[in-house]
Amino acid sequence: MMNATQAAVQPVTGLLPLSRDPEAFDREIRRFVPCQADILDSLLEAMLLTDSDCSSPVLDLGCRTGILSSRLLEEKPYLKLAAVDQDQAMIRAARERLGQSAEWVEFECRRVSRYARAAAFDYILSNLALHFLNTPEEMDTVCRNAFWSLRPGGIFAFSVMLDEDTAGGKGTAWKDWDRQVMGMGASRRDVQEWFLYSRPAYRPVPRETWLTWLRRAGFVHCELVWSDSIFGTFWAKRPANKFPAGSPDLS
């Protein structure tokens, strides 16, 4: 694996739906994702990373400011880790968060929905990034490219915001989220401003839609393994005896 200082960081052109200010992103996670620690636990537990050694790198897809990468390296300091994001500012923030450990992480600036590397990973993880993609087609493509990028028997686990009566924010899941956020100190005005300025960037879909995309991509044992209010973690396995048809979507 390349040293991070040697890895070429490729520029991304055009509209970047995932582009956000890193400090604002971290601030939003702290204030409006009250279950972030549980989400990270669910990703690690679903992937069995704490109990297994990986012979190939683990991919943090849409690494953002390195929250998941940092947790992974806390659990396994010598883990081979690749981190991909389509925003240079996010990658810089992830490097800063990881400190000296960043030297051994393979960072790459690539469009998340079009990233694929044939049979390169035992595990692909994604923490609260895929719901920022612009269209359902891009989300579907992520599932197909993840299947292509995993070794036979590999695992794809990701956390996202789910579509739980998102239009009005009046469903039970949203009420649970609202109660949790305000219990952490957010005011009613904070929540209202989040809905006005930040909520439009999220494009959640129903859990069954994600499961359909995963199955159609070829994954087996596709499950929603954890959920809390408006967030959920999915788990899917590439079967050992099934290979992807055609080629990944990199357009």
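The values are calculated or read from the model by the stated rules, or taken from the named source; none is laboratory data. Since the model is a prediction, treat every value here as computed from it, not as a measurement. Cβ: placed from backbone, ideal geometry, glycine included. Neighbour counts: every protein chain shown.
Computed quantities for the displayed model
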{"quantity": "Checking Glu137 against (1) closer than 25 Å to Arg27 by Cα; (2) loosely packed, with under 15 Cβ neighbours inside 10 Å, the condition it does not meet", "calculated": "(1)"}
{"quantity": "Among the candidates Asp26, Asp60, Asp85, Asp38, residue that is out of contact with any Phe, Trp or Tyr (no Cβ under 9 Å at 6 or more places or on another chain), of a type outside the set (Gly, Ala, Ser), modelled with pLDDT of 95 or more and within 21 Å of Phe132 (Cβ to Cβ)", "calculated": "Asp60"}
{"quantity": "Residue within region 101-114 that is in a helix (DSSP H, G or I), of a type in the set (Gly, Ala, Ser) and in contact with a strand residue (DSSP E or B) (Cβ under 6 Å, 6 or more places away or on another chain) present", "calculated": "no"}
{"quantity": "Region 206-223: number of residues that are under 23 Å from Trp148 (Cβ atoms) and not in a helix (DSSP H, G or I)", "calculated": "6"}
{"quantity": "Residue in region 116-126 that is assigned to a helix (DSSP H, G or I) and either over 24 Å from Arg238 (Cβ atoms) or in contact (Cβ under 8 Å) with a residue 40 or more places away in the chain (or both) present", "calculated": "no"}
{"quantity": "Residue within region 128-144 that is of a type in the set (D, E, K, R) and not in a helix (DSSP H, G or I) present", "calculated": "no"}
{"quantity": "Tally, over region 146-155, of residues that are within 14 Å of the chain's Cα centre (by Cα) and part of a helix (DSSP H, G or I)", "calculated": "1"}
{"quantity": "Condition check for Arg117: under 26 Å from Ala82 (Cβ atoms), within 14 Å of the chain's Cα centre (by Cα) and of a type in the set (D, E, K, R)", "calculated": "no"}
{"quantity": "Residue within region 204-219 that is without any contact (Cβ under 8 Å) to a residue 12 or more places away in the chain and within 30 Å of Ser56 (Cα to Cα) present", "calculated": "yes"}
{"quantity": "Residues being at pLDDT below 90 and over 19 Å from Leu133 (Cα atoms) - total across region 192-208", "calculated": "0"}
{"quantity": "Number of the exception - Arg111 against (1) surrounded by fewer than 22 Cβ atoms within 10 Å (Cβ to Cβ); (2) over 30 Å from Asp190 (Cβ atoms); (3) over 14 Å from the mean Cα position of the chain (by Cα)", "calculated": "(3)"}
{"quantity": "Single unsatisfied condition, Gly171 versus (1) free of Cβ contacts under 8 Å to residues at least 24 places away in the same chain; (2) in contact with a Leu (Cβ under 7 Å, 6 or more places away or on another chain); (3) not polar (S, T, N, Q)", "calculated": "(2)"}
{"quantity": "Counted residues, region 185-205 - those being in a helix (DSSP H, G or I) and among the hydroxyl-bearing types (Ser, Thr, Tyr)", "calculated": "2"}
{"quantity": "Identity of the residue in region 169-191, among the polar types (S, T, N, Q) and either over 22 Å from Ala24 (Cα atoms) or exposed (fewer than 11 other Cβ atoms within 10 Å of the Cβ) (or both), that ends up modelled with the lowest pLDDT", "calculated": "Thr172"}
{"quantity": "Subset of region 52-99 (residues that are in contact with a strand residue (DSSP E or B) (Cβ under 8 Å, 6 or more places away or on another chain) and in a helix (DSSP H, G or I))", "calculated": "Ile67, Leu68, Ser69, Leu72, Leu73, Gln88, Ile91, Ala94, Arg95, Leu98"}
